[in-house]
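Input: a single structure, listed below in structure tokens.
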Amino acid sequence: MAPTHVLRCCQRGLAWIPVIFIALVVCWSYYAYVVELCIFTIPSIGEQIVYLIFFHLFFIMFVWSYWKTIFSQPANPSKEFCLPKAEKERYEKEERPESQQEILWRAATSLPLYTRTGAGAIRYCDRCQVIKPDRCHHCSACDMCVLKMDHHCPWVNNCVGFSNYKFFILFLAYSLVYCLFIAATVLQYFIKFWTNELPDTHAKFHVLFLFFVAAMFCISILSLFSYHLWLVGKNRSTIEAFRAPVFRTGSDKNGFSLGFRKNIAQVFGDQKKYWLLPVFTSQGDGLTFPTRLVNADVEQAAVTLQPEPNERAAEVPVSPVSPVSESQNRLLSNDQHANNIGDHQADSTLKSADGETITVSMESES
Ligand SMILES: [Zn+2]
Ligand SMILES: [Zn+2]
């Protein structure tokens, strides 16, 4: 076995340590709450039953969303984003970046792309040999391009992206609820043990420790959860929050924002009954996303473009208004299975962008 292969296997094994740690803490919290607190410490049967029902409800939702976050395969660019074989060979033989970009621009005319590198070039992953769809980034830990990549999370040993972002938010939400519920219900027994109102049994250690652990996790999860809720409201990924995506009209941190309600629907779907369940209801296919640019097109297609005095004026395309592509329409109307790669109107939108002067520079990504 090659040494690099052994190293890679070791890395993969070690990457599970944080997940195993969380799993052990959760198993211990289950034992401490159910056995040591509810069975051995709480005297009232009624209180025991009520606590156990709610505890199991939150426990199941927490484990379910954690499981789905860990084991959802990150979504990758479809094969339409790979260069055709002949083009790929030409790209690899070509040494001049200008000519490489020409090959990419030709291939990209049939793809629904709205974002560029900071220098205006087509985003291409040399590692995966694929043109990156909008919001897609290469994850060095997973060694693959991940659609709408948010970040690589060591606590779930998985990339958080298009396929599991909703599950990740729910995982944070339910872990917060789980910890809050434990801390709130344990508090009175924590005080009783602390002030020696209850006898010194082995349950004392578990109950005291349970409160400390739950309170500690509450505080750390709350900040992360609040941040991600804010990101959902703005329709931004963590990567985009640090580096604004670049459109034809320049970088725009709100480029994918469609307004608060639509932004929420992008991640959680249109049907509120599924919002709290870790089942996939995010809108779109992960390859294309409605942009504010496209929305501006829709709103202003019938009227003459006039510069506005506010900051949005800069974001309205100066080129002739391109009609919204069918792919974008389908995305806006929540067709989860839209297959819009060869969309004719998307072509025309991109062709109008084709005439731009391109400064060649490959995007550097971590
Ligand atoms: Zn890649
Ligand atoms: Zn990753």
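Just so you know, all these numbers are worked out from the coordinates, no wet-lab data involved. Bear in mind the structure is a predicted one, so any value in this text is a computation, not a measurement. Counting neighbours? That spans all protein chains shown, and the Cβs are built from the backbone with ideal geometry, glycine included.
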- Task: Rounded to the nearest 0.05, what FRET efficiency do H5 and F71 give with R0 = 25 Å and r taken as the Cβ-Cβ distance? Could you check?
- Result: 0.55
- Task: Any chance you could check the Cα centroid distance between the stretch 199-256 and the stretch 107-134 for me, in angstrom?
- Result: 30 Å
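Given R₀ = 51 Å, FRET efficiency for C82-I39 by Cβ-Cβ distance, to 0.05? Working shown, then result.
Values: r = 58 Å, r/R0 = 1.14.
Calculated value: 0.30.
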- Each label point is 7 Å from the Cα along the Cα-to-Cβ direction; what then is the distance between the points at T238 and R261, in nm? 3.1 nm
- Task: Would you mind calculating the gained length between M216 and Y274 on full extension (0.36 nm times residue separation, minus the Cα-Cα distance), in nm to one decimal?
- Result: 17.9 nm
- Message: Going by amide H atoms built from the backbone, whose H comes under 5 Å of the H on H137, apart from near neighbours?
- Response: V146, K148, M149
- Query: Calculated FRET efficiency, W105 and S251, Cβ-Cβ r, R0 25 Å, to nearest 0.05?
  - Reply: 0.80
